[in-house]
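No value in this document is a laboratory result; all are computed from the given coordinates. Small disclaimer: the values here were computed from a predicted structure and weren't measured. Reconstructed Cβ throughout: ideal geometry from the backbone, glycine too, with neighbour counts over all protein chains shown.
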Amino acid sequence: MRKKDSCSFEIFILLIFFLFASCHREEEGGFEATPYPLNIPPFFPTKLNIPENNPLTVEGIALGEQLFHDKHLCGYTGNIPDSLMSCATCHARAYAYDIGMSSPRLQGGHVKGRGEKYTPHNVMPLFNLVFNHEGYFWNGMIYPDNPNPQQRTLEDVVLMGIVAPHEMNSSPERTLVALKQNPTYPGLFKAAFGTPEITIENISKAIAQYLRSLISANSKFDRYLQGIETLTANELHGYVLFTTEEGADCFHCHGSSGTPLFTSNLFYNNALDAQCNDPRDRFAVTGQEHDRGAYRAPSLRNVEVTAPYMHDGRFETLDAVLQFYNMELVNSPWVHPLMHKIKQGGTLLTPSQIADLKAFLLTLTDEQFIGKTEK
């Protein structure tokens, strides 16, 4: 073979090799769903809780939304209403993805699952989770460094909801059987994850993507901060009370305009009880004595529609919550130091001050988010 022909042959072999390698890479990792353009609202944190192995995509969120509302997610293959349960059964949009006081499953602040058992704690609303880096649930038991690798991420929360006796009371196997009866899912899973196979891992990933996309940031107060709407004199006075220690002293735990999530996402004993023996409080997670009776400070966004309140749902109205903080605080060795009003039993605001504080809290309702308006 002549030298020129030999070089041409070698180039041909190299070309075939690179073409084969390129095709092999496409088969292994060439799939790419459409990145979801998450819009971070003005003044919100820019640090996001999105794992590298589950980025937000248009297709993943669409699939997650359908799964979130699919009542066969519980693993039941029939159509008897009382036997069906979806995530949306206990997390309804009209209540900022909380349970709502009108739910027949709600009793005494706790919620009955498919297994006829009640949740140990009150349901929490689902929004702005993409900004939460402090763990999930009232006690933060799901957190990145948890020794249990199945209790670290929002994806793990989804799976727990399926198997927990006080929630869907099902199993991954039953859920897969039920969902595989829906002929639309293979195409949706392929669009989201590059494979038509329906797996628990991808179910959890899709729903977690959807949950991370739920951002509430269009309340009257948000528009006030952006200079496009004004607050009344009463609402402004309530805002001052909210953000000052001399007033209602709410801002340490629930934030102010500097932390527009209206929660620190941290955990506090807020003087609810003298005895703190709940086996699922923050102490159960950390083992730290000062965490007895401590629970997450929930966001006050949409607080108008997220009753009942507190970790055990003991307060059915916002007025009852304000009354508690005003003059019903209960001292104990574990009350958090930021509860500055504990020695006097509460904030001791006047009726008009309480009315103004409530007026401000009502400006935190995002009517677009809860589906009341398309504004």
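For region 120-231, the residue among Asn182, Ser170, Phe127 whose Cα projects farthest onto the positive side of the dipole built from Cβ charges is Asn182. For the chain, the 222 nm mean residue ellipticity estimated from helices alone, with every DSSP H stretch of n ≥ 4 adding -39500 (n - 2.57) and the total spread over all residues, rounds to -10000 deg cm²/dmol.
Charged side chains reduced to their Cβ positions (Lys and Arg at +1, Asp and Glu at -1) give region 220-362 a dipole of some 180 debye around its Cα centre.
Does anyone have the angle between helix 200-212 and the longest principal axis of the chain? Alpha-carbon axes, 0 to 90°, nearest 10? Result, in degrees: 50. Placing unit charges on each Cβ (+1 for Lys and Arg, -1 for Asp and Glu) gives region 58-212 a dipole about its Cα centre, and among Pro144, Pro104, Thr89 the Cα reaching farthest toward its positive end belongs to Pro104. Compute a Gaussian network model of the chain, connecting alpha carbons closer than 10 Å, and tell me which residue from Phe43, Phe68, Phe221 fluctuates the most. Among Phe43, Phe68, Phe221, the largest mean-square fluctuation in the Gaussian network model of the chain belongs to Phe43.
Taking every pair of distinct Cα atoms and averaging 1/r, then inverting, what Kirkwood hydrodynamic radius in Å comes out for region 58-212? Result for region 58-212, one decimal place: 15.8 Å. Only one of (1) 18.0; (2) 52.9; (3) 25.3 was calculated from the structure for mean projected area of the Cα convex hull in nm², and its label is (3).
Values of log10 I(q)/I(0) for region 220-362 across q = 0.13, 0.22 Å⁻¹ run -0.57, -1.54, by the Debye formula with one identical scatterer at each alpha carbon and no solvent. The magnitude of the dipole of region 58-212, with charges of +1 and -1 set on the Cβ of Lys/Arg and Asp/Glu and taken from the Cα centre, is near 280 debye. About the centre of its Cα atoms, the chain shows a dipole size close to 420 debye [charges on the beta carbon of Lys, Arg (+1) and Asp, Glu (-1) only; nearest 20 debye].
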